[in-house]
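For reference, the structure discussed in these notes is given below.
The values are calculated or read from the model by the stated rules, or taken from the named source; none is laboratory data. Keep in mind that this is a model prediction, so the values were computed, not measured. When we count neighbours, we look across all protein chains shown, and the Cβ atoms used for this are built from the backbone with ideal geometry, even at glycine.
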Amino acid sequence: MEGDMLDRLRAKEEEMEALINDARKRAAAIKEDALKKARELKERKVREIEAELHSRRTLEEEENIRNGMRRIEEAEEAIEELRKRAELKRGEAVKEVMRLTLVSATRGIP
């Protein structure tokens, strides 16, 4: 009877040990699956962040190009204004030279 009871206890112990081992295997599989999903999520988020960063850099570069073009246009306008003012000054200088030439010619100054 004692031997029978010991055999049943050993069988129960082995059954419990098998259940524990099975639970450990399932827990390890669940953990591995969770880690895999976490890595995939992390990789997806990294790709999304990199895409957003690329998009923002592109927009920033486009804005810098627009600003540079606007500054070039402003500089060209300023150059044109200076060119017009220089032309007017040249015209005034030519008139003054002609006036002085006429004055000297009428006074007999060589």
Response to the item:
Flagged in the stretch 30-74 as of a type in the set (V, I, T) and within 24 Å of the chain's Cα centre (by Cα), in numbering order, are V46, I49, T58, I65
Worksheet item: Taking into account only those residues within the stretch 89-110 that are part of a helix (DSSP H, G or I) and surrounded by fewer than 10 Cβ atoms within 10 Å (Cβ to Cβ), which is modelled with the highest pLDDT?
Response: T106
